[in-house]
1. Conditions first: (1) at pLDDT 95 or above; (2) open to solvent by less than 50 Å² (accessible area, probe 1.4 Å). GLU120 passes all but one, so which condition is the exception?
2. Does segment 32-40 contain at least one residue that is more than 21 Å from GLU184 (Cα to Cα) and of a type in the set (D, E, K, R)?
3. Looking only at segment 65-94, filter to residues that are aliphatic (A, V, I, L, M) and over 10 Å from the mean Cα position of the chain (by Cα); which one of those is farthest from HIS118 (Cα to Cα)?
4. Residue pairs, Cβ under 8 Å, 6 or more apart or interchain, first in segment 159-181 and open to solvent by 90 Å² or more (accessible area, probe 1.4 Å), second at pLDDT 90 or above. List them.
5. Assess whether ARG117 counts as being touching a residue at least 60 places away in the same chain (Cβ under 8 Å), more than 28 Å from TYR28 (Cβ to Cβ) and not β-branched (Val, Ile, Thr).
6. Kindly establish whether SER136 is within 18 Å of the chain's Cα centre (by Cα) and of a type in the set (S, T, N, Q).
7. Identify all residues within segment 133-155 that are farther than 24 Å from THR188 by Cβ and either without any contact (Cβ under 8 Å) to a residue 40 or more places away in the chain or surrounded by fewer than 16 Cβ atoms within 10 Å (Cβ to Cβ) (or both); write none if there are none.
8. Please determine, by comparing only the residues of segment 182-196 that are within 30 Å of PHE17 (Cα to Cα) and aliphatic (A, V, I, L, M), which one is most open to solvent (accessible area, probe 1.4 Å).
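The values are calculated or read from the model by the stated rules, or taken from the named source; none is laboratory data. No experiment lies behind these values; they were computed from the predicted model shown. Methodologically, a virtual Cβ is constructed for each residue, glycine included, from the backbone with ideal geometry; neighbour enumeration extends over all protein chains shown. Surface areas here come from the heavy atoms of the whole protein model, side chains and all, with no ligands, DNA or RNA. Shrake-Rupley method; radii C 1.70, N 1.55, O 1.52, S 1.80 Å.
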Amino acid sequence: MTFSQIVEELRGQCAAFDRELLSIVEDYESYLAEEGLLAERNRWLMVVPCGTSIAENARFGVYYEQAYRPRRRNCRFIGVYHRKAVQYAGAIEAVTVASSNGGVLSFTEEVGRLEDRHRERIASIIEATPYYDLRSNPTRFFVVDSFVPTDFRKTSPGSIQGLRYLDLPKNIPDYDPRKDYTSEELATALTGATWE
C-alpha cells in the first residue's frame, strides 16, 4: 500500500462534518507531500468546492483560499467543483500567499515561479471580488494556465464539504500520468467521466 492510498483510506473514514479529524488527515498528507512520499503530481486532481466566486475563478484563472489552511499536496491539476460536478480544470502554474500592507501586495511563493502576469491576475481578482475582502488577511492563490470548462460528475449522494484529491487513472481509464497533459486535454478527458 502506498502513502497516497493510506491517506485516501483515512479520508474515507472521516464523516464530511468532522472537520477536526479531516484537518488532521490533511496535516498528515501535507507532511507526506513535503517529504516527497506521495505519488507523482500528474496523477492527482485537487478538487476544491466553490460557490459564489466560481465566475471570477474561471475568468481570471485563479482559485483562492484562506492562508491559514494547511499547504496542499503538490499536484499539477486543480478542479473547481460546483453543483455535484467539477466544472473547470486547469494546470497549476504557481501557488502563492498574498498579503497587503498599506495597500501594497507582497507575495510569498509556495509552488512554482510567480511571474508578473500572475501577480496582475491576482491583483485583478482581488479588485473584482466584492463579496470577500481578500486584502484584510493573507490569502493563498492557486494560479492556473486557464480554467477550461468540463463536466466531471460526482455520482454518490451529497456534495463535498471540503477539498478532495481524485486519482485520475482510477477515474479515467485511458489516463497516463507520465503524459504531459494540457488543461484542454485534461478537461476533454474528464468530460462525461464520473466519480464517487
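1. GLU120 satisfies every listed condition except (2).
2. yes
3. So, considering only residues that are aliphatic (A, V, I, L, M) and over 10 Å from the mean Cα position of the chain (by Cα), the one farthest from HIS118 (Cα to Cα) is ALA85.
4. As it stands, the answer is GLN161/PRO49; ASP174/ALA189, since those pairs meet every condition given.
5. Considered against the rule, which asks whether it is touching a residue at least 60 places away in the same chain (Cβ under 8 Å), more than 28 Å from TYR28 (Cβ to Cβ) and not β-branched (Val, Ile, Thr), ARG117 comes out as no.
6. It is false that SER136 is within 18 Å of the chain's Cα centre (by Cα) and of a type in the set (S, T, N, Q).
7. Result: ASP133, ARG135, SER136, ASN137, PRO138.
8. ALA193
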